[in-house]
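The values are calculated or read from the model by the stated rules, or taken from the named source; none is laboratory data. Here the structure is a predicted model, which means the values were calculated and not measured. Heads up, the Cβs are rebuilt from the backbone with ideal geometry, glycines too, and the neighbour counts pull from every protein chain shown.
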Amino acid sequence: MAAVPCAVLGLLIAGCIPTPAGDTGRDGTSPRGDGLAPVRSAEVVDVVDGDTVVLADGTRVRLAITDAPELREPLETCGPESARRTAELVAGQRVALYRPAGAPATDPFGRTLAEVVRVVDGTSVNVALATDGLARVDERFTDEDPDLAARVRRAADGSPDPDCVSR
């Protein structure tokens with residue numbers, strides 16, 4: 001296993017996160033129920049917070065339909081834990097980005113909007129964070145990607161209340 005540099009989350013993570021090397025083992029299936037093809041794939045080189053990652057070419061990607069607690073001012077309950085979980089899922093990993101036709105390509109801050117899926121095993125970061133109780137559905141945008149909204153909503157409905165250090 002290769003280690004992702006500790007700078008991924010600055011001082012929030014005490015140690016490096018082990019990640020599998022390469023992207024072998026991908027079976028070609030999508031977590032989506034609508035057969036949508038990815039718009040692109042790339043390696044994640046940084047995690048800004050629970051719902052924003054940076055790709056190798058510098059593109060900032062905001063997880064669509066998913067709202068994670070804030071890591072920066074104002075720091076919200078579970079913000080550090082959400083960012084840490086996102087880093088565990090995708091830092092140093094190749095991801096595929098999914099966005100339905102007609103959905104906005106970027107948010108007001110210029111970040112690419114997409115469902116972020118780990119290539120190695122098809123795990124949706126958007127859904128995984130909701131499953132862990134570290135993100136919720138952003139109801140303002142559910143009409144932009146009904147398939148993703150339904151999956152994140154189902155995951156959030158059954159998620160535990162996390163015991164976050166930042167409470």
**Report entry** Residue in segment 91-112 that is surrounded by the fewest Cβ atoms within 10 Å (Cβ to Cβ), counting only those that are of a type outside the set (A, V, I, L, M), touching a residue at least 12 places away in the same chain (Cβ under 8 Å) and part of a strand (DSSP E or B)
**Finding:** ARG94
Query raised in the report: Considering segment 143-162 alone, what residues qualify as being modelled with pLDDT of 90 or more, of a type in the set (A, V, I, L, M, F, W, C) and touching a strand residue (DSSP E or B) at 6+ places or on another chain (Cβ under 8 Å)?
Result: LEU148, ALA149, VAL152
Report summary line: With criteria (1) of a type in the set (Asp, Glu); (2) farther than 19 Å from GLY58 by Cα; (3) outside any helix (DSSP H, G or I); (4) under 12 Å from the mean Cα position of the chain (by Cα), GLU88 comes up short on (3)
Query raised in the report: Could you say which residue among GLU81, GLU115 is touching a Phe, Trp or Tyr at 6+ places or on another chain (Cβ under 6 Å), surrounded by 22 or more Cβ atoms within 10 Å (Cβ to Cβ) and either farther than 16 Å from SER159 by Cα or not polar (S, T, N, Q) (or both)?
Result: GLU115
Query - Subset of segment 30-47 (residues that are buried (at least 16 other Cβ atoms within 10 Å of the Cβ) and under 18 Å from VAL127 (Cα atoms)) - result: SER30, PRO31, ARG32, LEU36, PRO38, VAL44, VAL47
Query raised in the report: Hey, among the residues in segment 50-73 that are at pLDDT 95 or above and not in a loop (DSSP other than H, G, I, E, B), which one's nearest to LEU129 (Cα to Cα)?
Result: LEU63
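Is it the case that VAL127 is among the aliphatic types (A, V, I, L, M), assigned to a strand (DSSP E or B) and either out of contact with any His (no Cβ under 9 Å at 6 or more places or on another chain) or surrounded by fewer than 18 Cβ atoms within 10 Å (Cβ to Cβ) (or both)?
Numbers: among the aliphatic types (A, V, I, L, M): yes; assigned to a strand (DSSP E or B): no; either out of contact with any His (no Cβ under 9 Å at 6 or more places or on another chain) or surrounded by fewer than 18 Cβ atoms within 10 Å (Cβ to Cβ) (or both): yes.
The answer is no for VAL127.
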Report task. Filter segment 108-127 down to residues that are of a type in the set (Gly, Ala, Ser) and modelled with pLDDT under 95, then give me how many there are. Result -> 1
Report task. Mind listing whichever residues of segment 114-128 are hydrophobic (A, V, I, L, M, F, W, C), touching a helix residue (DSSP H, G or I) at 6+ places or on another chain (Cβ under 8 Å) and under 23 Å from GLY58 (Cβ atoms)? Result -> VAL116, VAL117, VAL125
**Report entry** Odd one out for ARG140 among (1) in a helix (DSSP H, G or I); (2) modelled with pLDDT under 95; (3) surrounded by fewer than 23 Cβ atoms within 10 Å (Cβ to Cβ); (4) in contact with a helix residue (DSSP H, G or I) (Cβ under 8 Å, 6 or more places away or on another chain)
**Finding:** (4)
